[in-house]
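The values are calculated or read from the model by the stated rules, or taken from the named source; none is laboratory data. From a predicted model like this one, the values you see are computed outputs, not experimental measurements. Note that each Cβ is placed from the backbone with ideal geometry, even for glycine, and that neighbours are counted across all protein chains shown.
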Amino acid sequence: MKHRPVYQDAKLWLAKTFIERDNYDGAQRLIAQLNDDPGTFDAIRKDLTPLQAYLLLKQNQAELAIAPLEQAIETADKRADKARYAFILAQLQQQAGNSDRAYANFERVVKLTNEYEMEFNAKMNMAQNAWASGRGSAEDAVANLNKMLKDEKNTEYKDQIYYALANIALKAGDRQTAIENLTLSLENSTSSNSQKVESSLKLAQLYYEDEDFVAAKQYFDIALQAMQDTDKRYKEVERLSKNLTDIAKNIEIIALQDSLLRIAQMSEDEKKEFAANIKKQLEEERAAQQAQLVNEQIGNNRQVADARSIGTPALQKESSFFAYNDRSVKQGKRDFQRKWGSRSLTDNWRRSSQQSAALIDQGTGTDTSAVAAAITDDEVDNFLKGIPKTEAEFTVVHIKTREAMIALGKLYRDRLQNNEKAIEILEELNRRYPASNEELDSWYYLYLAHKDLNHSTEAKAYADKIVAKYPNSTYAKVIQDPNYIVQAQNEENKVINYYNDAYAAFSKGDYQYAFNQSNSAREKFGATNPLQPKFALLSAMSTGNLKGKNEYISALNEVVSKYPNTEEQKYAREVLRLLGASTGTLPGQQKIETDQFEVQNDQVHSVIVVLEDVGSLNDCRNAVSDFNKKYHDLDKLRVTDVILPSGETRTPLIVVRRFKNKEDALKYITGIERNTKDFIPAKFPYEIYAISQTNYGKLFATVKSVEVYKTFYDANYR
C-alpha cells in the first residue's frame, strides 16, 4: 500500500475523544491495546506516552503522570514538543515540592524552546525554584525577578513577575510586601484574565485572613468577574463574595457615619480648613486629568499624522469612534463631572465615604491657610452638605450606626461563624449606645457567641440579663425552655392551617363558614396571633357578601382602625376608596379630633412627606431637594426635616414650604404623582399631604398624630 493504514490513527484519536468525554476506562483500554501491540507504528507509539500522561492528569493523578512525560521528552522528534512536555513536567515537580528537579526541567525548557512566552515563564519559575531548591537565596530570586521587570521585552508580563515576587514574600512571611506586589500585579494586568484571577484571589484570601472584609469583598468580586464559571473554585468564591456583601456594606456604613460625626464635632475653622483640603485635592485631580487628556490627545494626533503620512487607508477618512471625537469626549467628561464630580482614576470611586474618610485620616495637611482663606462659605456648605447639623440629622446618623452594628454582629456569627468578631462589634454597640433598641438582640447574640466559644461564665451572664430585664421576650423563653421554638412553630402552623381553611371556604363562596372561622380565631388563638389582621380582613370581606355595602364599609373601617401600618389596612383603605366611602370617622375615634383642624383653602400651605423610618430621613430629604431643583427650580421652595413626637413614637417628616394656597400645594403633589421615579426612591415608603400653616401648627402643638390629620385630609383634600 502506498500510504500507512489509518486504523491505528483512528484508535489514537478515539482514545483522545474518550478522554474529553470523561470515558477514562475506554481511553485506557485503547492506549493499552496500542501499547501492547508489537505492530503499532513508531509514530503512533511516540504519541501514546504524552497521551497517557494527559489521561492521568485528567484523573488528578499528577504524580503518576511524571514518568510518561519524562519518556515523552526523550522520544519526541520536535524541539517544540520536547519543550512543552518539559514545561509540564517542571510544573508537576514544582507542585510536588521537588524544587531541584523542577529547576532542572525549566532550565531544559529555556534551551529547547523558540517561543519567548514559554522562555519567560521558565526563567521566572527558575528564579523561584533556585531559592526553594537551595541554589540561591530569596534575595537572589528577588533580584533576578526585578531584573526581568526592567527588561522591556517583559512589559506585558509584569503582572506575572509581581505575582512571583508576592509568592516569595509570602514564603518569607512578609505579608505586607506580598500584598503590595499582588496589588502591582493587578495594576499591571493586561489581557491575562487567568493571572488577574490568581492575583485578586490571593489578595482576597489575605485580606479575609486579616479580617479586612471590605477589601476581601472587593477582590473576591474582581476574581469572579475574571473567572470562568467552569473554574472549580467559582462556586466557593461566589459564596464568599455573597457572604461578604452585607458585611462590607455595614462596615462602610459605620465608617461613614463615624466620619460624619468627627467632622460635625470640628470647630468652624477646622471645618473650613477641611473643606479647603477637599477643594485643593479636587483641583489637583482635575488638573492631572486634564494634563492626561492633553497628552493622550497629542499622542493620538501624532499617531494619526504619522499614519496619514505613510498613506494608511483606514485613516484617510474620519473615524466614527466616539473617543476620536474631541467634542464627544469633552461632553462625556462634563456629564460625568456634573453627576459625580471630579474623580481620580481609582477603584471604588463611587464610594461616598472614600474621599472624606481619607482626608480625615490624613489630617489637615501642612499649610492650608492660604487655601482656607480662599474658600467661600457657600463652597464650605457645598463640600460639607452631608454633615449633620440638626438634632434630627444627628439622630439619623446614630440610628444608622446602631442598625449597622447590630446587623454586623449577627452577620459575623450567622454568615462567617466568626464569634470573636461578633462579640467585638456587639460589645462596642452596647458601650456606645447603652439601653438602645438593639440591646435585647445584641445580648441574645452575645449569649449565643459566648456559648459557641464555650465561655460559660459570659454566656450565663447575658442569659441572666435577658431573663431579668426582658422576661416576656421570645429570647427569654427560648433560654429558659429549649423546646419553646418547636412548640411555638407548632402553634403557628395551627394558626396558618386554620386561616387557610377559612380562606378556602371564602374562595368557594361559603361566606358564612369563612365569617364564623375568622371571628372565632381571636378566641381560639388570642388577639395577638400573627394572622389576626388577616382574619379581620377576611371577616370584613365575608360581611360584605353576607350583609351588604353599609356593613361592609363599617367592617373595613374597623380593620383600618385596629391594624395600622399593615398590608391589610392598606387593602381595606383601597377597597373603601373604590366603594366611594371615606375613612373619616373610624370606630373607636372621636370626631372631635378632626374638628381641631380647620378648612383654610386660601391660606399659605406646606406639603409634608411622612416617612416610615427615621433612618431614611437624610436620603429622602436630599431626593426631595433634587426633585425640586429639577421641576421647581424657580419656585424658591425650602425643604426641611422634622420629627413629630407622639407619645413614645417619633414620626419623621420632610416639610416643603411654601405654597400660596391649597390649590398650589395640590398641584405640587400632582406633579410628584406624574414623576414618581424622580421623587423619593421606592425603597423608602412614604405618604404625602398638603397642610395649611395653621393646621401645621396644631399638628405639632396639640394633636401630634399624623393618623388624625390623615382622616381630616381624606375628608377635605381628596
Report task. Could you tell me whether segment 392-405 includes any residue that is within 23 Å of Asp212 (Cβ to Cβ), buried (at least 17 other Cβ atoms within 10 Å of the Cβ) and among the hydroxyl-bearing types (Ser, Thr, Tyr)? Result -> yes
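Return a yes/no flag: does segment 708-715 have any residue that is over 31 Å from the mean Cα position of the chain (by Cα), modelled with pLDDT under 90, among the basic types (Lys, Arg) and within 29 Å of Thr395 (Cα to Cα). Please lay out each step first, then the result.
So in segment 708-715, the residues over 31 Å from the mean Cα position of the chain (by Cα) come out as 708-715.
Then keep just the ones that are modelled with pLDDT under 90; that gives 708-715.
Okay, now just the ones that are also among the basic types (Lys, Arg), so 710.
Among the residues that remain, those that are also within 29 Å of Thr395 (Cα to Cα) are: 710.
Within segment 708-715 (the criterion being over 31 Å from the mean Cα position of the chain (by Cα), modelled with pLDDT under 90, among the basic types (Lys, Arg) and within 29 Å of Thr395 (Cα to Cα)), the answer is yes, since at least one residue qualifies.
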Query - Subset of segment 229-257 that is charged (D, E, K, R) and surrounded by 15 or more Cβ atoms within 10 Å (Cβ to Cβ) - its residue that is nearest to Tyr412 (Cα to Cα) - result: Asp246
Report summary line: All conditions in (1) more than 31 Å from the chain's Cα centre (by Cα); (2) surrounded by 21 or more Cβ atoms within 10 Å (Cβ to Cβ) are true of Glu115 except (2)
Query raised in the report: Within segment 634-655, is even one residue more than 38 Å from the chain's Cα centre (by Cα), surrounded by 19 or more Cβ atoms within 10 Å (Cβ to Cβ) and at pLDDT 90 or above?
Result: no
Query raised in the report: Quick one: is Lys698 farther than 28 Å from Gln596 by Cα and touching a helix residue (DSSP H, G or I) at 6+ places or on another chain (Cβ under 9 Å)?
Result: no
**Report entry** Hits in segment 507-518 - residues which are more than 11 Å from Thr543 (Cβ to Cβ) and either surrounded by 18 or more Cβ atoms within 10 Å (Cβ to Cβ) or in contact with a Leu (Cβ under 6 Å, 6 or more places away or on another chain) (or both)
**Finding:** Gln517
**Report entry** Leu165 surrounded by 20 or more Cβ atoms within 10 Å (Cβ to Cβ) and modelled with pLDDT of 95 or more
**Finding:** no
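Do we have any residue at all in segment 238-258 that's of a type outside the set (Gly, Ala, Ser) and in contact with an Asp or Glu (Cβ under 7 Å, 6 or more places away or on another chain)?
If we filter segment 238-258 for residues that are of a type outside the set (Gly, Ala, Ser), which is where we start, we get 238-240, 242-247, 249-254, 256-258.
From what is left, the residues that are in contact with an Asp or Glu (Cβ under 7 Å, 6 or more places away or on another chain) are none.
Looking through segment 238-258, none of the residues is of a type outside the set (Gly, Ala, Ser) and in contact with an Asp or Glu (Cβ under 7 Å, 6 or more places away or on another chain).
Within segment 60-67, identify whether any single residue is more than 48 Å from the chain's Cα centre (by Cα) and within 25 Å of Ala96 (Cα to Cα), and answer yes or no.
Here is the first cut: in segment 60-67, the residues more than 48 Å from the chain's Cα centre (by Cα) are 67.
This time we only want the ones that are within 25 Å of Ala96 (Cα to Cα), so: 67.
For segment 60-67, residues more than 48 Å from the chain's Cα centre (by Cα) and within 25 Å of Ala96 (Cα to Cα): present.
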**Report entry** All positions within segment 689-705 that are β-branched (Val, Ile, Thr), buried (at least 18 other Cβ atoms within 10 Å of the Cβ) and modelled with pLDDT of 85 or more
**Finding:** Ile691
Requested in this report: Would you check if Asp25 is modelled with pLDDT of 90 or more and under 23 Å from Asp77 (Cβ atoms)?
Outcome: no
Requested in this report: Check whether at least one residue in segment 201-224 is without any contact (Cβ under 8 Å) to a residue 24 or more places away in the chain and of a type in the set (A, V, I, L, M), and report yes or no.
Outcome: yes
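Scan segment 143-162 for residues that are over 18 Å from Lys202 (Cβ atoms) and either in a helix (DSSP H, G or I) or not assigned by TED's automatic domain parsing to the domain that holds Gln94 (or both) and jot them down.
First pass over segment 143-162, keeping only residues over 18 Å from Lys202 (Cβ atoms): 143-144, 146-156.
Of everything in segment 143-162, those that are over 18 Å from Lys202 (Cβ atoms) and either in a helix (DSSP H, G or I) or not assigned by TED's automatic domain parsing to the domain that holds Gln94 (or both) turn out to be Ala143, Asn144, Asn146, Lys147, Met148, Leu149, Lys150, Glu152, Lys153, Asn154, Thr155, Glu156.
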Report summary line: Of Ala459, Ala476, the only residue that is in contact (Cβ under 8 Å) with a residue 12 or more places away in the chain and either over 12 Å from Ile423 (Cα atoms) or surrounded by 14 or more Cβ atoms within 10 Å (Cβ to Cβ) (or both) is Ala459
